[in-house]
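**Q** First the structure, which I've put down as structure tokens, then a few questions once you've had a look.
The values are calculated or read from the model by the stated rules, or taken from the named source; none is laboratory data. Computed from a predicted model, the values in this text were never measured in an experiment. Cβ: placed from backbone, ideal geometry, glycine included. Neighbour counts: every protein chain shown. What goes into the accessible areas is simple: the full protein's heavy atoms, side chains included, and nothing from ligands, DNA or RNA. Shrake-Rupley method; radii C 1.70, N 1.55, O 1.52, S 1.80 Å.
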Amino acid sequence: MSDLELLHRYLNEGSQEAFAEIQRRYAGLVYSTACRLVSNHHAAEDITQEVFVRLARKVQDLQCHTVLPGWLYRCARNVALETIRGEQRRRQGEQAADQIDCATDTEDSWTQIKPLLDRAMESLRTREHDAVVLRYFQNKSLKEVGAALGWSEDAAQKRVSRALERLHKTLTANGTRVPLSQLGAVLSSEAVQPAPAVVIHTLVSTPVIAAAPISPTAPALSLMATTKLKSLGLAAAFCALSAGLLVLWMENNTLRTTLSAPRSSVPLPDARHSGSGAESNQVLITGDQLRQYRREHLELLSLRGRVTQLSRALNNPAAARPGETSPTNEPAATEDSLIFTASLRSCEEI
């Protein structure tokens, strides 16, 4: 199963077994990179575990064309540099070799290359860097390198050779004396060492929380749903308000029509209609309704006049004192008296 398929299983299904397989494949690469940069094995183990924790957190951000070994290598180097931040920059050559405490037997050429390799790898372009990692760190064939990077086998051979030449030039400029013809073989045999079993066991036995997949359309759908709910709420409130206003308008219109109708248009019950049965009952009900409407209307007018009197009394307390009169209140009193008198006469007529 390819790296991409394992990552998809881990991301979509939360498969710890798929992630454990990734750890088994590349624990040696990450551990060896960390071991070259830090001063002890314990720090290298911590860096290795941190690299795979970051992979679990950022797996959903990896592109489909990302070369996983290259990504892990860069991440291991970044974590190692963060671990030793604050210390003085290492001197090149022997001083860097003394600070790296990896318990591996190396040849003379590897002794020269080891303290300078990671800094020299940094000088390569991204595609060259990935090609070197695949070819010499993972010992992939040129066909596999080309398939991973989207090149033909011939193009992969040319570009790997060009990247190796650039790497050799950088190493030579920093004081190494390893021939170009030996550089590829030294990297293939010494650059990656198997990670200790305890490191792999710790990685596999430590569960890593998978990052939840995020749909790119989720924020847009949430915004659309919220907007739709707000629109429905506003529409419902508007309909309810409109219905209430419509009912009030119809009742008011009915009352106005009834009150403005001539009294002669509503026949009153008479002995001559007593034999008409249901028709007579209908006429009596209509007359009662008319009287009730007019009585309520007159009561409303009377209350309105009383409210007007009280309001003006509150606004002008001096006018409300007994024995005192104000010229300005005479028209209001006259108007209220007329309203009240009209109300009484209408009630008498009814």
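**Q** Which numbered condition trips up Gln88, out of (1) open to solvent by 30 Å² or more (accessible area, probe 1.4 Å); (2) under 23 Å from Val199 (Cα atoms); (3) at pLDDT below 90?
**A** Looking at each condition in turn, Gln88 falls short on (2).
**Q** Any residue in segment 16-39 that is surrounded by fewer than 20 Cβ atoms within 10 Å (Cβ to Cβ) and of a type in the set (Asp, Glu)?
**A** Looking through segment 16-39, at least one residue is surrounded by fewer than 20 Cβ atoms within 10 Å (Cβ to Cβ) and of a type in the set (Asp, Glu).
**Q** Of all residues in segment 166-206, which are touching a residue at least 60 places away in the same chain (Cβ under 8 Å), among the hydrophobic types (A, V, I, L, M, F, W, C) and either open to solvent by 30 Å² or more (accessible area, probe 1.4 Å) or farther than 17 Å from Ala120 by Cα (or both)?
**A** Of everything in segment 166-206, those that are touching a residue at least 60 places away in the same chain (Cβ under 8 Å), among the hydrophobic types (A, V, I, L, M, F, W, C) and either open to solvent by 30 Å² or more (accessible area, probe 1.4 Å) or farther than 17 Å from Ala120 by Cα (or both) turn out to be Val192, Ala195, Val198, Val199, Ile200, Leu203, Val204.
**Q** Being among the small types (Gly, Ala, Ser) and either assigned to a loop (DSSP other than H, G, I, E, B) or closer than 24 Å to Arg25 by Cα (or both) narrows it down to one residue among Ala155, Ala147; which is it? Lay out the reasoning, then the answer.
**A** On the way: Ala155 fails: either assigned to a loop (DSSP other than H, G, I, E, B) or closer than 24 Å to Arg25 by Cα (or both).
Just one listed residue meets the conditions, Ala147.
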